[in-house]
Amino acid sequence: MAHEDDDLLFLNPQIQELITAGCPLDVVYLTSGDGGQPYNRSPYAKSRELGVIAAYAAMAGTGQHTVAQTITVDRHNIASFSLRERPEIRLSFFRLPDGLPTGKGSSTYRHQSLLKLFRGEISSITAVDSRGRYTEQSLIATINGLARRWKSERIRTLDFDNAFFGHAYTQGADHSDHGVTARYFRMAGFPLQLRGGIIAYRGYPMSLLPENLAPERAQVKQQIFETYLHTVRCLDPHCSAPHSITAPYRNWMHRQYSRPQQHSRPGTIISAMGTPERCLEVTNKLPGTVERAVRTARCNGGSPQLWHRSPAGQWQSRTAHGSCLTAASFPHVSPCDSNALDQRWRMAPGGQLVSGERCLIQDDPARRAPRLHLGPCLPVGPENSWLWRP
Ligand SMILES: [Zn+2]
């Protein structure tokens with residue numbers, strides 16, 4: 001999760017049902033949810049941690065006593081608490097600064113945010129309790145290390161496909177911390193090829209979708225959230241909405257949506273980035289040549305998105321006859337030539353499309369200046385992984 005309540009708002013009642021079924025749960029919060037309040041001088045962020053602990057105790061039907069532990073992964077220390085009566089339920093807090101909805105960060109924490117880390121605008125981010133400093137690489141490695149240590153079977157996280165960030169009242173926008181946290185969890189879990197997969201749950205914009213929880217499930221969800229609110233004195237740092245569930249929170253109480261899993265389609269090369277699925281397609285001619293550009297676009301079954309794989313490892317376009325996917329300095333299609341090394345591709349077990357030593361990469365739309373290009377094959381992640389079905 002990004003904040004101490006995202007699970008209660010966007011994944012519940014799923015979590016309640018997992019706890020009732022006796023499943024072990026490791027819940028990880030990347031930010032302290034400080035809302036720009038100073039962690040050491042304001043009770044707000046700490047009360048949110050106590051609030052989610054109270055909510056999990058209520059879901060488990062136990063007391064709120066916890067066993068505190070510091071977990072160390074690659075020299076990074078993470079504060080962790082398990083319920084004394086249900087020790088297989090553990091909550092861990094990275095306490096990175098709240099990036100605020102648009103990702104601009106707060107002046108309290110030098111305008112650091114996960115979104116800026118993701119866009120390469122800052123090279124590292126420091127925890128609000130000064131217990132850790134992370135680069136993007138070390139943050140992903142630490143989450144990966146936790147998942148391996150706990151032998152996680154499945155990751156449930158927020159929406160990693162929405163790239164529009166803003167306030168809850170901005171239609172279609174999700175909080176930047178939600179989107180980037182979900183992306184980091186996905187990148188950390190991707191190489192593990194988890195049996196249960198990685199499931200994304202919609203955040204703020206699920207208000208736009210119909211209510212889909214039966215009244216009794218919505219009621220359970222609301223009761224748990226009220227337990228959290230009871231501990232957190234106010235809904236926001238300015239205490240403009242104490243102890244009550246206001247819109248849009250009320251909308252979220254009646255909803256819970258996970259993103260559909262990706263589906264392969266015959267004859268298409270689908271990027272692991274994004275649902276709805278995005279297919280590799282041939283577009284317009286490059287100026288002054290017979291070569292044509294390629295890009296990914298929403299899959300539509302059209303012939304520019306259809307490919308044939310030759311025994312020699314070439315990808316032949318079905319629309320640009322006699323043209324093949326070519327690596328060169330940038331990906332494009334050019335006349336098929338069985339001797340051309342930059343038209344020979346192999347598919348690695350992680351789904352990477354490899355030409356020579358380089359891989360086809362579709363940047364995440366939330367990156368700065370995202371593009372389709374050739375780049376490193378490691379680490380295996382959604383950006384360099386593709387689905388192909390003949
Ligand atoms: Zn949140």
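Throughout, read-outs are computed from the coordinates displayed, never taken from laboratory work. Fair warning: this is a prediction, and the values are worked out from it, not measured in the lab. A quick note on method: Cβ atoms are made from the backbone with ideal geometry, for glycine too, and the neighbour counts reach across all protein chains shown.
So if R0 is 30 Å, what FRET efficiency would Asn284 and Arg367 give, r being the distance between their Cβ atoms, rounded to the nearest 0.05? That gives a FRET efficiency of 0.80. Listed peptides 165-172, 265-272 appear in the order 265-272, 165-172 once ranked by packing, highest mean of other Cβ atoms within 10 Å at the front.
For trypsin sites (Lys or Arg not before Pro), the sites in the range 1-103 that DSSP calls loop and that have at most 14 other Cβ atoms within 10 Å are Arg41, Arg75, Arg84. Full extension of the chain segment joining Glu226 with Arg133 gains 30.2 nm, where the gain is 0.36 nm per residue of separation less the Cα-Cα distance. Dipole size of the chain about its Cα centre, with +1 on Lys/Arg Cβ and -1 on Asp/Glu Cβ: approximately 600 debye, rounded to the nearest 20. If R0 equals 35 Å, the separation of the Cβ atoms of Arg149 and Tyr257 corresponds to a calculated FRET efficiency of about 0.70. Applying 1/(1 + (r/R0)^6) with R0 = 22 Å to the Cβ-Cβ distance of Thr275 and Gln193, what FRET efficiency is obtained, to the nearest 0.05? E between Thr275 and Gln193, to the nearest 0.05, is 0.70. The modelled label-to-label distance between Ala21 and Arg75, using points 7 Å beyond Cα along the C-beta direction, is 4.1 nm. Summing charges over all other residues whose Cβ lies under 9 Å from the Cβ of Phe93, with Lys and Arg as +1 and Asp and Glu as -1, gives -2. In a simple Cβ point-charge model (Lys, Arg +1; Asp, Glu -1; nothing else charged), the range 36-104 has a dipole of about 200 debye relative to its Cα centre. What the phi angles of the range 209-222 give under the Karplus curve with 6.51, -1.76 and 1.60, with θ = phi - 60°, is a coupling list of 8, x, 4, 9, 9, 4, x, 5, 6, 5, 5, 4, 4, 5 Hz, glycine and proline written as x.
Every pair of different Cα atoms in the range 252-308 enters the Kirkwood calculation, which places the hydrodynamic radius at 13.1 Å. The peptide list 248-258, 192-202, put in order of mean Cβ contacts within 10 Å with the highest first, becomes 248-258, 192-202. Over the Cα atoms of the chain, the radius of gyration divided by the Kirkwood radius equals 1.02; this is the Rg/Rh ratio. Name the residue, out of Glu49, Glu88, Glu216, whose mean-square fluctuation peaks in a Gaussian network model built on the chain with Cα pairs under 10 Å. Its mean-square fluctuation being the largest, the pick is Glu216. For the chain, the residue among Leu360, Gln223, Ser130 whose Cα projects farthest onto the positive side of the dipole built from Cβ charges is Leu360.
Under the shape rule built on the C-alpha gyration tensor, where the axes satisfy a ≥ b ≥ c, the range 268-389 is rounded, since a/c falls short of 1.5.
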